[in-house]
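The values are calculated or read from the model by the stated rules, or taken from the named source; none is laboratory data. Worth saying up front: this structure is predicted, and the values here are computed from it rather than measured. Heads up, the Cβs are rebuilt from the backbone with ideal geometry, glycines too, and the neighbour counts pull from every protein chain shown.
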Amino acid sequence: MLSLSLEREMAGTDIARPKENWHTLLVCPDGGMAEQFLPLMAQVPGLGPVTEMRLYPPVEALGEFFSGRQVNPCFLDASTDKDAAFALIAGLLRQDPALQIVVLLASTDSDFILRCLRQGATGFLTAPFTVGELEPVIERLARTRPETYRVLQAGGKVYCVMPAKGGCGATTLAFHLAHQWKRDGSKRILLADLDPLTGTVSFALKLTSAYSFMDALQRGDSLDVNIWKALVASWNGLDVLLSPEDPARGIGDLPDPGSMIEFAKSCYDIVVLDTSGVYGTWSGHLAAYADEVLLVMTNELPAIQSGQRALAYLERRKVDRSRIRVVVNRFSEDLGVSGETIETALKLEVCHTMPSDYDAIQKATMEGKTVPPRGKFGKSLAALSTAITGGSELPDEEPTGSALGKVLSLFARRR
């Protein structure tokens, strides 16, 4: 019998569920190869939810595994044990002769590749794996069995806000950005506090809920609109998915967030993910599923060093630099490192610098509000919104009207 502990579900991004709920199978005993390949799968449209096996399954147990499952394609680690992998190709094809099997190799071995293709494998990939090599393989396979692949679907944009170092104001920036995008005209916005241990969005916005993102994770593929409405709280026109009040419950082995994020993309124009940082499997998944990562730091020297380390780690997680925007918070020309020096140190352009406005932010936080849009932080926030998504910034001053109009406006506000 195949142990369920060998399987892990992971949904793709930018895509809708395939017909008949087809699943992708990854058989990869090599842990390093799996950790390299899984993030790439999350970035390629077309693949269904992934079932991962970290051992070669016994051929005689495949019948039970395929019972009730529709699987295609299969990615097979053929380097860890060539004989076992070669035998498994035949065993898999006995269960489904149309199954598309792509063998994964740690290095080029022309003779073994030819043997695998003659055995029935559909294709092969050789390490180091890249999205650029995986995408054409998926496109080619999809032309042969289109019913088993996901269909591209327009969906909301996902922005993952990640602090390079703790205490740099990333959460404050996350909920202010979500609110700014609402003010800019986006109709459906989700702010999701996905920090399982130290989430503070509920405190900042003075929100309470009996549910958290943990409940959404547990629902997985069974999420629907009615369930979702019960899970989210409402704040100033935003839907807010909170972190758990009791962080000790259920965080030992967080399931992959793919299904939850995919569902959110189908419901909202913009999804803002507030996270605890860049490190670890959980944060790596969130970065992989995001359209863009907003890496937040200050212009202090320790924060710049943390930014360098964060960028290196994200690159190892296969998050391309083209998807990362650096935002320098609490920026001061008089204190800390200049913007040009930061760009030189990070080898990446700074998307935007946010000014320090401690008193205004502190007052707004105590009241569960956002900073007024006409202050220096509010104006800079509008500029950041424009830099990320486009649009127009607020004018510097209120339009001038007649004295009668001002009097009437006072009465209108009092009604």
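Taking only the range 59-91 into account, find how many residues are free of Cβ contacts under 8 Å to residues at least 24 places away in the same chain and part of a loop (DSSP other than H, G, I, E, B). Number satisfying all stated conditions: 2. Residues that are surrounded by fewer than 16 Cβ atoms within 10 Å (Cβ to Cβ), in contact (Cβ under 8 Å) with a residue 12 or more places away in the chain and either on the phi < 0 side of the Ramachandran plot or in a strand (DSSP E or B) (or both) within the range 116-131 comprise Thr126, Pro128, Thr130, Val131, listed in sequence order. In this structure, is Leu335 surrounded by 16 or more Cβ atoms within 10 Å (Cβ to Cβ) and either more than 25 Å from the chain's Cα centre (by Cα) or assigned to a loop (DSSP other than H, G, I, E, B) (or both)? No, not satisfied.
Would you check if Leu173 is buried (at least 22 other Cβ atoms within 10 Å of the Cβ), touching a Cys at 6+ places or on another chain (Cβ under 9 Å) and at pLDDT 90 or above? So Leu173 fails the test. The helices (runs of 4 or more DSSP H) falling completely within the range 183-294 that include 3 or more residues that are in contact with a Cys (Cβ under 9 Å, 6 or more places away or on another chain) and assigned by TED's automatic domain parsing to the domain that holds Gly166 map to 281-289.
For the range 41-54, the set of residues classified as part of a loop (DSSP other than H, G, I, E, B) and touching a strand residue (DSSP E or B) at 6+ places or on another chain (Cβ under 8 Å) consists of Pro45, Gly46, Leu47, Gly48, Pro49, listed by residue number. The residue that is farthest from Thr298 (Cα to Cα), counting only those in the range 340-366 that are in contact (Cβ under 8 Å) with a residue 40 or more places away in the chain and assigned to a helix (DSSP H, G or I), is Thr365. All conditions but one from (1) part of a strand (DSSP E or B); (2) free of Cβ contacts under 8 Å to residues at least 12 places away in the same chain apply to Glu315; the one that does not is (1). Pick out the one residue from Gln100, Gln70 that is at pLDDT 90 or above, outside the structural domain of Ser266 (by TED's automatic domain parsing) and surrounded by 15 or more Cβ atoms within 10 Å (Cβ to Cβ). Going through Gln100, Gln70 in turn, just one is at pLDDT 90 or above, outside the structural domain of Ser266 (by TED's automatic domain parsing) and surrounded by 15 or more Cβ atoms within 10 Å (Cβ to Cβ): Gln100.
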